[in-house]
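What follows is a set of notes on a single structure, which appears directly below.
The values are calculated or read from the model by the stated rules, or taken from the named source; none is laboratory data. Computed from a predicted model, the values in this text were never measured in an experiment. So basically every Cβ, Gly included, is an ideal-geometry build from the backbone, and we count neighbours across all protein chains shown. Each accessible area value is taken on the protein alone, full model and side chains, heavy atoms only, with ligands, DNA and RNA left out. Shrake-Rupley method; radii C 1.70, N 1.55, O 1.52, S 1.80 Å.
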Amino acid sequence: VCVILVDMDQGAMKKISSMFSTLQEKRRSSSDPGVYPAAAPPVGRSHTGQLFFEYLLVVSLRKKRNEEDYEPHITYQFPKREVMERLQREEEEKCMKAAHLFCFPEGINWAPLTEYRSETFSFVLTEVDGSRRNGYCRRLLPAGCGARVPEAYCIISRMACFGLFSKIFDEVEKRRQISKAMIYPFMQSLREAPLPSPGNTVSISSFIPDAGTEIISLTRPAESWLEHVDFRTLFRCLNDDEVLMVFAATVMERQIIFISEELSTLSQVLHAVAALLYPFVWQHTFISIVPTVLIDVCAAPTPYLLGVQKNLLEQLTDHSDVSLTLTPYSLNMSESLLPAKLKEELLSRLSARKHHASTEELNRLVSEAFLSVFVRSVGHFSQHVRRSASSRRFHKKSFLKAVEHRSHLNFVKLFIQTQMFDLFIQEEEAQPNPNGQYLAEIQLFENLESEGLFKLSL
């Protein structure tokens, strides 16, 4: 993975911050619950009564008439469009067209292949009202002999849980090798199954010829904000210092582009980077895999997290108004932004990860390490959200005065100007304890420290 930081004019940053604050004020005063930021990555928040998935699509490539280029089209869909209401069909048609772009983001230039290593990746579809759907895609060669073009299996879901859907794809692929007809009863059983809460398991019964009835267990991770994340790929692609550089740039809401040949690497790295921000949420453009037709988004003046395939790098540099800085080894940002002692402690905690640790163990260690940065620097925020008459208000001046360590102050002053902190505080002002999990983590850190079990070097 190569990381690109895009230089953005500070005047533009101030205008963006002002525009965002205006938008959030409208959101707070609006009775319409559908006013949300334009784009944000999934953070694993579940919804009551939510289905496992909304659609399963098989997207194939076919040649355009009288041309050599290919175009994607849906060859299978579950549930069928015929069972939808007319208005629902029209709305979902837009979703299907978008899914085409992300299943084959490279565009239309394909050549038949005899060998193709299957890959699994994910993307996010953001609605006009800010609501999100997660797309999970597995591409592989269809059954047959000779040269042929890949096809994609795509699941659209409101739930963000990459590992769980990877396992579902394994089951879909197993049935596909027997007959496409075997996919339908399995997906029907899955659609009818109750979505388990984080940390719980649901069992699905499925019949396979010559094998009998199988019981498939699907478990959601206990930490809901880590459902969509596997930090292993991030630390395989970048060393610890480089991860800190990316973290610092993301915290300061810069423009960041990740370059890789593999779609699965791009999607896993971008979702991992977004998860480092917990309990805060990236509020700007987030496209884990940028399709060729959307490559102009890299020239946007606003902050973004983008994943771009390596073969599109030349198109990036074609934008003369974009100043690109390739920074695989430039660590100046983390050096200057992160307080030295916090950085030292962060690197120490990251170095404790074990080579053979499970995904859950690694995710917990990494998330706690980066969470400690926010606990130590801004974890006292709740003491400065006070009730005044019928409303709750955040008192910025008293909050800044209460920063415990002067070495943290510059970082805190910069961070509280970001949109992710702004929205976080507005949620705290709008309702008591909307970020209860974070407050519980703060309390846990304080308890461990008071018992001498945990101590940050300050």
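Conditions tested, residue by residue: (1) under 29 Å from Phe104 (Cα atoms); (2) open to solvent by less than 40 Å² (accessible area, probe 1.4 Å); (3) touching a Cys at 6+ places or on another chain (Cβ under 6 Å).
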position: Ser206; (1), (2), (3): no, yes, no
position: Ile215; (1), (2), (3): no, no, no
position: Trp225; (1), (2), (3): yes, yes, no
position: Val246; (1), (2), (3): yes, yes, no
position: Ala249; (1), (2), (3): no, yes, no
position: Met252; (1), (2), (3): no, yes, no
position: Thr265; (1), (2), (3): yes, yes, no
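Could you tell me whether any residue of the range 242-265 is without any contact (Cβ under 8 Å) to a residue 40 or more places away in the chain and not in a helix (DSSP H, G or I)?
Scanning the range 242-265, I find no residue that is without any contact (Cβ under 8 Å) to a residue 40 or more places away in the chain and not in a helix (DSSP H, G or I), so the answer is no.
Looking at (1) in contact with a helix residue (DSSP H, G or I) (Cβ under 9 Å, 6 or more places away or on another chain); (2) open to solvent by less than 30 Å² (accessible area, probe 1.4 Å); (3) without any contact (Cβ under 8 Å) to a residue 60 or more places away in the chain; (4) not in a strand (DSSP E or B), which is the one condition that is false for Met187?
Of the numbered conditions (1) in contact with a helix residue (DSSP H, G or I) (Cβ under 9 Å, 6 or more places away or on another chain); (2) open to solvent by less than 30 Å² (accessible area, probe 1.4 Å); (3) without any contact (Cβ under 8 Å) to a residue 60 or more places away in the chain; (4) not in a strand (DSSP E or B), the odd one out for Met187 is (3).
Any chance the range 268-290 includes a residue that's open to solvent by 20 Å² or more (accessible area, probe 1.4 Å), modelled with pLDDT of 90 or more, of a type outside the set (A, V, I, L, M) and in a helix (DSSP H, G or I)?
The answer is yes, given that some residue of the range 268-290 is open to solvent by 20 Å² or more (accessible area, probe 1.4 Å), modelled with pLDDT of 90 or more, of a type outside the set (A, V, I, L, M) and in a helix (DSSP H, G or I).
Restricting the search to the range 93-148, which residues are outside any strand (DSSP E or B), more than 17 Å from the chain's Cα centre (by Cα) and aliphatic (A, V, I, L, M)?
Met96, Ala98, Leu101, Ile108, Ala111, Val128, Leu141, Ala143, Ala147
Exactly one of these conditions fails for Val202: (1) open to solvent by 20 Å² or more (accessible area, probe 1.4 Å); (2) touching a strand residue (DSSP E or B) at 6+ places or on another chain (Cβ under 7 Å). Give me its number.
For Val202, the exception is condition (1).
Restricting to the range 227-244, name every residue that is crowded, with 21+ Cβ neighbours inside 10 Å, in contact with a Lys or Arg (Cβ under 8 Å, 6 or more places away or on another chain) and modelled with pLDDT of 90 or more.
Within the range 227-244, just Leu244 meets the criteria.
Go through the range 366-423 and give me each residue that's among the basic types (Lys, Arg) and either outside any strand (DSSP E or B) or touching a residue at least 24 places away in the same chain (Cβ under 8 Å) (or both).
Arg376, Arg392, Arg393, Lys396, Lys397, Lys401, Arg406, Lys413
Pairs needed: first member in the range 91-120, within 19 Å of Leu263 (Cα to Cα) and not assigned by the TED database to the domain that holds Leu266; second member anywhere, modelled with pLDDT under 75 and in a loop (DSSP other than H, G, I, E, B); C-beta distance under 7 Å; at least 6 residues apart or different chains.
Listed by first residue and then by second, the contacts come to nothing, as the list is empty.
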